[in-house]
C-alpha cells in the first residue's frame, strides 16, 4: 500500500467515498442506528473530516500568496530594467492571452453548467439570494481592494486586498538597495519554501478529506453527482481545445510561426507535461527545444520562466471553470457582473504563484472565500483534479513555448528560414 502514489490514493478515497455515500445516504439514516449513533448514521456525518481539510487549506492561502507575489515582483525587478522593451511586450501579451483564456472558460462553464445536480450543504438560500442581489459598483470594488489593515485582510482571507498590499510591497522592495532588500527577499523566499512544504503536508491528508467530501456529497445528492463531475472534466477539456484552436492557433498564424516545425519541437516537452502534470519537469527540455527552434537564448531565458508565473493559460481557464462550477453547485445564480469581478480577482491572484505545485487549489480557495462560495466545492473538484491537472499543465507549456516564438518575432529576432540542425559530437 505504501507504493501507491498520492493520485492513486485519491482515486481509492473517491471509490470508498462513493461507496459510503451510496450505502449510507441521508434519507436512510434512521436504518443505521447503534449505541454509537443513537440518532442514526449517514455518510454525511463524515463532514468533519472534509472540514478539517478545508480549514487547513484556508490557513495557508495568505502566507503563500504574499510570499510568492513579493518574490515574483521584487525578484524580477532587475530583469525588468535590463530587458525593458521585451518585458513590457511580454507582460502585455501575457495579459491579453490569459484574459482570453478566462473568457473561454467563463463562456464554457455557463453554457454547459456542469455544477447542476450537486448539493453542497453549506450553500444556503440566504447566501445565494444575497450574492444574486449584490450589485458591485466600480467605486466600491476599488475601495474594497485597498486594505486598511494587512492583518485584518489576512484574518478575513481578503485575497484582493492581500494582492494589492503584496504588489505595493514588492515594488517598494525592488527599489531598496543593500542588506535590507536581501534580508526581506530571503525571508519571503524562505517563507514560500516553508509554505510549499505546508502544502505537501496538507495534501498528504487530502485523500481522507476528499473521500469524506465525496461521501457527503453522494449521500446527499445520490450517484447523479458523478455525472456532474464527468461534465466538469469534459467542460474543461472542451474549453481548452477551443482555446487552442480559437486563440493560440490564430496567434501563431498572425506571428507567422511555422506550425509543423513548432508542433514537432514542442511535442516531447508537451507530452512530459501532460503525463507528469508538472510544468517544471518539462521546463529544461522546453528551453532546449525552443533554442533549437530558432528563438534566441536571451528571449527564451526571459520569456519562458516569466511565462511560468504570468502566462499560465490552462490554469487560468481552469480557475474560471472551477470557480463558476462552485457557484452552480451551491445553487447560486451568480450575476454576470459578479462573475466578471471574480475573473478579475483570479487574473490578479494567479500571477506569480500559479507555477507552484497545487497553487491552483490555493488560488481557487482564496477566490471562493472572497466571494462567499462554499469551499466544499474544492474537495469535490479535487476528486477529479488529477485528470484536469494533466490537461491544464500541458496547455500552460504550449502557451509559454508559443509566447517565446511570438516575442522573438515581435523583436525581429526570429529567423525566416529554419536553423541548421544541431550536430552532436
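The values are calculated or read from the model by the stated rules, or taken from the named source; none is laboratory data. Nothing here was measured: the structure is a model prediction, and the numbers come from that model. Cβ atoms come from the backbone with ideal geometry, glycine included; neighbour counts cover every protein chain shown.
Details
- For the stretch 215-240, filtered to residues that are farther than 16 Å from residue 114 by Cβ and part of a helix (DSSP H, G or I), the residue that is modelled with the lowest pLDDT is 220.
- Qualifying residue in the stretch 83-94 (condition: assigned to a helix (DSSP H, G or I), over 19 Å from residue 347 (Cβ atoms) and either touching a strand residue (DSSP E or B) at 6+ places or on another chain (Cβ under 8 Å) or at pLDDT below 60 (or both)): yes
- A single member of 286, 301, 282 is touching a helix residue (DSSP H, G or I) at 6+ places or on another chain (Cβ under 8 Å), in a helix (DSSP H, G or I) and modelled with pLDDT of 80 or more, and it is 286.
- The requirement of being exposed (fewer than 15 other Cβ atoms within 10 Å of the Cβ), touching a helix residue (DSSP H, G or I) at 6+ places or on another chain (Cβ under 6 Å) and at pLDDT below 85 is satisfied by residue 136.
- Residue list for the stretch 169-190, restricted to those being out of contact with any helix residue (DSSP H, G or I) (no Cβ under 8 Å at 6 or more places or on another chain) and surrounded by 13 or more Cβ atoms within 10 Å (Cβ to Cβ): 172, 187
Condition check ((1) at pLDDT below 75; (2) under 20 Å from residue 204 (Cβ atoms)) across all residues:
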{"residue": "355", "(1), (2)": "yes, no"}
{"residue": "359", "(1), (2)": "yes, yes"}
{"residue": "369", "(1), (2)": "no, no"}
{"residue": "377", "(1), (2)": "no, no"}
{"residue": "389", "(1), (2)": "no, yes"}
{"residue": "394", "(1), (2)": "no, no"}
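- Residue match in the stretch 191-203 (condition: surrounded by 19 or more Cβ atoms within 10 Å (Cβ to Cβ), touching a residue at least 60 places away in the same chain (Cβ under 8 Å) and closer than 14 Å to residue 70 by Cβ): yes
- Filter result (in contact (Cβ under 8 Å) with a residue 60 or more places away in the chain and either under 18 Å from residue 331 (Cα atoms) or over 18 Å from the mean Cα position of the chain (by Cα) (or both)) within the stretch 89-106: 89, 90, 91, 93, 106
- Residue in the stretch 262-275 that is surrounded by 16 or more Cβ atoms within 10 Å (Cβ to Cβ), assigned to a helix (DSSP H, G or I) and without any contact (Cβ under 8 Å) to a residue 24 or more places away in the chain present: yes
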